[in-house]
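Reading through the structure tokens given below for one structure.
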Amino acid sequence: MVKKVYNWGILAPGNIARKFTPELQQLDNARVYAVGSRNAERAKKFADEFGVGHYYNNYEDLVADPEVDIIYIASLHALHTEHALLCLNHKKPVLCEKALALNKTEVDKMVKSALENGVFFMEAFFTPHQPSYKEAKRIIESGELGKVKYIQGWFGFNRAPYNNSQRLLNPMLGGGALLDIGLYPVFDMLYFLGEPDQILAKAEFAETGVDESISIRFDYPEGKSASIYASFVAASGAGTDILCEFGTLRLRRSNAIEQWLEVDKPGSEVKRYSWEENACGLKLEAAEAMRCLDENRLQSDIMPHSMSLSLIKTLDIIRHKAEINYPERD
Ligand SMILES: NC(=O)c1ccc[n+]([C@@H]2O[C@H](COP(=O)([O-])OP(=O)(O)OC[C@H]3O[C@@H](n4cnc5c(N)ncnc54)[C@H](OP(=O)(O)O)[C@@H]3O)[C@@H](O)[C@H]2O)c1
């Protein structure tokens, strides 16, 4: 059977769109067909850079183009809801960058619109598509390490030199460590342990009022617990240690491509798995979106609507506990 080739539209050609697009172009069933920016020059520059045939100086024309089969939303998280609803109401399938929105009310609207319009919708959250996460999940489900007892997850980098105009530091744009990077270890806890019974959270704030660092503790039944740290001032990289009854799993990544997993069982040699080739989460999530379209699915079972809803619900609780506010968007 001939494989359908999907025409992708890129909405908002910024930093992440520049990383995602070359990955997409490696997939033989994807064509980067069009790009839409609020600014004609930026649209043309991106089109020239990646050899994209069509470019628009607004998002509406991109979404209305009948040749576009699926849209990748790479705008800022404060604008994702508006842009996703625009796409979904035009019956365009959507892969939308994280954080999906600023609060659960907004994600509820996006999911409802996707279901009512009968259109595929998925959060572009790359980790569960990666082989390291799939292997860690397989090992835990196999029971060879016993039950998970405690997880520690972190994500940090040093933003210095500071510039208060950066989107990451702008509360009106949903800036702050929690929605930018803290949501990755929060996702890990949900992925490996589920939703906690109790959440404690404390933030340190930047001059602009956004959370510069955040520490979180999750408590679960049967004495299980988890802790999370995310920060714009600690160059920690990204990692997650999963402590189980009979050993520990250590997940690390240096970007969306390079990743490794260690399985450390007392009395045995540490097993180390690493991936680079064909392991880029951005490419794998795009491939998953097209697999779902091939199978006429409205959602992915790797990153289903229920997981996006559980994630934003947990993020809402965390930021209320830590007194993080996004003006006019609570
Ligand atoms: N999955 C990942 O690994 C990953 C990594 C980084 C970021 N992200 C997510 O991707 C999204 C975009 O991040 P980014 O770093 O790519 O952002 P960015 O480059 O700063 O901006 C992305 C685009 O958003 C529009 N934009 C920028 N500032 C704006 C403003 N003040 N008001 C309205 N629109 C504005 C611009 O599009 P126009 O050209 O149309 O104006 C810009 O090209 C965020 O939600 C972020 O969390 C994901």
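The values are calculated or read from the model by the stated rules, or taken from the named source; none is laboratory data. For clarity, every value in this text was computed on a predicted model and none was experimentally measured. Positions of Cβ are backbone-derived with ideal geometry, glycine not excepted, and every protein chain shown enters the neighbour counts.
Of note:
- Residues that are within 16 Å of the ligand (Cβ to nearest atom), in contact with a helix residue (DSSP H, G or I) (Cβ under 6 Å, 6 or more places away or on another chain) and under 23 Å from ALA256 (Cα atoms), drawn from region 20-54: PHE20, THR21, GLU23, LEU24, VAL32, VAL35, PHE50
- When the criteria are applied in full, ARG291 meets the requirement of being farther than 25 Å from GLU195 by Cβ and either crowded, with 20+ Cβ neighbours inside 10 Å or of a type in the set (D, E, K, R) (or both).
- Selection count, region 219-235, where residues are touching a Ser or Thr at 6+ places or on another chain (Cβ under 8 Å) and touching a residue at least 40 places away in the same chain (Cβ under 8 Å): 8
- Looking at LEU100, LEU76, LEU85, just one residue is within 15 Å of the ligand (Cβ to nearest atom), surrounded by fewer than 20 Cβ atoms within 10 Å (Cβ to Cβ), more than 25 Å from LYS4 (Cβ to Cβ) and touching a residue at least 12 places away in the same chain (Cβ under 8 Å), and that residue is LEU76.
- Listing of strands (runs of 3 or more DSSP E) fully contained in region 150-254 that carry 1 or more residues being surrounded by 15 or more Cβ atoms within 10 Å (Cβ to Cβ) and within 16 Å of the ligand (Cβ to nearest atom): 211-219, 225-231, 233-244, 247-253
- Positions within region 253-273 being among the basic types (Lys, Arg) and in contact (Cβ under 8 Å) with a residue 60 or more places away in the chain, in sequence order: ARG253, LYS265
- Listed by position, the strands (runs of 3 or more DSSP E) inside region 1-66 whose residues that are touching a strand residue (DSSP E or B) at 6+ places or on another chain (Cβ under 6 Å) and without any contact (Cβ under 8 Å) to a residue 40 or more places away in the chain number at least 3 are 30-36, 54-56.
- Test: residue in region 2-10 that is modelled with pLDDT of 95 or more, within 13 Å of the ligand (Cβ to nearest atom) and of a type in the set (Gly, Ala, Ser): yes
- Residues of region 265-288 classified as closer than 22 Å to ALA17 by Cα and loosely packed, with under 15 Cβ neighbours inside 10 Å, total: 3
- Residue match in region 122-137 (condition: in contact with a Gly (Cβ under 7 Å, 6 or more places away or on another chain) and in a loop (DSSP other than H, G, I, E, B)): yes
Residue-wise test of (1) of a type in the set (S, T, N, Q); (2) modelled with pLDDT under 95; (3) closer than 19 Å to GLY237 by Cα; (4) not assigned by TED's automatic domain parsing to the domain that holds PRO161.
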residue: VAL186; (1), (2), (3), (4): no, no, yes, no
residue: LEU190; (1), (2), (3), (4): no, no, no, no
residue: LEU193; (1), (2), (3), (4): no, no, no, no
residue: LEU200; (1), (2), (3), (4): no, no, no, no
residue: PHE205; (1), (2), (3), (4): no, no, no, no
residue: SER213; (1), (2), (3), (4): yes, no, yes, no
residue: ARG217; (1), (2), (3), (4): no, no, no, no
